[in-house]
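Student: This is the structure I have questions about; it appears just below.
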Amino acid sequence: MQGLIGRKIGMTRLFDKETGEIVPVSVIETGTNVVHQIKTTEKEGYSAAQLGFGARSEKRVSKPALGHFKKLGTSATRVVKEFKLDPEDTELKSGQRIGVEVFENIKFVDVTGTSKGHGFTGTIKKYNFKRGRMTHGNTNRRERGSSGSNTYPARVFPGLKMAGQDGNEQVTARNLRLVGTDKDAGLLLVRGAIPGPSKGYVFVKKSPGKNTAKKDQ
């Protein structure tokens, strides 16, 4: 399995036993993900597992999704996500539950989540633009300034940095070191910050191109 669905609990710190260094870590609760469906190259054209996380009342699930869960014989979940399968994942079945053992001997992970939204934001806060001079007679203090052009090309170029929605978008933090796991509590400890607020849902994947760590390292 290439990844799991989890929920960001918050941040804490650990102490390196050898160097005494303080290591800031994000705590991700994965618990146990339920396997809803196994997709194969013969039937769907690709190999993947559809996972679910977080129990949800059937009253709050749409009829198509509820029918999908009942057809597979699994319970309704809040979040559903597909992950690619590893070559050794040949015995996974619908209804099976998996946890942090997926990341055994893994050193680096990618974490995807929805960043915190800051609403409609000006260019100074959003892009660190410089403000106008605060002297007598100047009327342009925190405004962006002109965005137009001359007779040619007589238009505003796409992608111009302007005021607008800030945050509330999908963000992926790549190559974060996996400091440790707690199998009993279903927790992952990842060095550094990850996207999203506390209690926000995230997707944790094995970093592609990164070698797995040996048990004695």
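Read-outs: derived from the displayed coordinates by stated rules, not from any lab. Everything numeric here is computed off the predicted structure, so don't read it as measured data. All Cβ positions, even for glycine, are placed from backbone atoms using ideal geometry, and neighbour counts span all protein chains on display.
Student: Hey, what's the per residue convex hull volume over the C-alpha atoms of the chain, in cubic angstrom?
Tutor: Enclosed volume per residue, from the Cα hull, is 234 Å³.
Student: Could you give me the ³J(HN,Hα) list for the range 74-85, computed from phi with Karplus coefficients 6.51, -1.76, 1.60 and θ = phi - 60°, whole Hz, x at Gly and Pro?
Tutor: Coupling constants for the range 74-85: 10, 7, 5, 10, 6, 10, 10, 8, 9, 10, 5, 8 Hz.
Student: What dipole magnitude, in Debye to the nearest 20, does the chain give about its Cα centre under +1 on Lys/Arg Cβ and -1 on Asp/Glu Cβ?
Tutor: That gives the chain a dipole magnitude of about 1220 debye.
Student: Report, to the nearest 10°, how far helix 63-72 tilts away from the longest principal axis of the Cα atoms in the chain, using its own Cα long axis and a range of 0 to 90°.
Tutor: Helix 63-72 sits at roughly 30 degrees to that axis.
Student: Would you tally the net charge around residue 197, using a Cβ to Cβ cut-off of less than 12 Å, leaving residue 197 out, and scoring K and R as +1, D and E as -1?
Tutor: +4
Student: Kirkwood Rh over alpha-carbon pairs of the range 129-217, then Stokes-Einstein at 10 °C and 1.306 mPa s: what D in µm² s⁻¹, rounded to an integer?
Tutor: Taking Rh from Cα pairs, D becomes 84 µm²/s.
Student: Moving to a separate point now. If every alpha-carbon in the range 32-98 counts as one equal scatterer, what log10 I(q)/I(0) does Debye give at q = 0.27 1/Å?
Tutor: Here log10 of I(q) over I(0) equals -1.24.
Student: Among 43, 126, rank each residue by its count of other Cβ atoms within 10 Å, from fewest to most, as a rough exposure measure.
Tutor: Ordered from fewest to most neighbouring Cβ atoms within 10 Å, 43, 126 come out as 43, 126.
Student: In cubic angstrom, how much convex hull volume per residue do the alpha carbon atoms of the range 59-145 span?
Tutor: Normalising the Cα hull of the range 59-145 by residue number yields 221 Å³.
Student: Where the centroid of each part is defined by its Cα atoms, how far is the range 1-77 from the range 120-177 in Å?
Tutor: 37 Å
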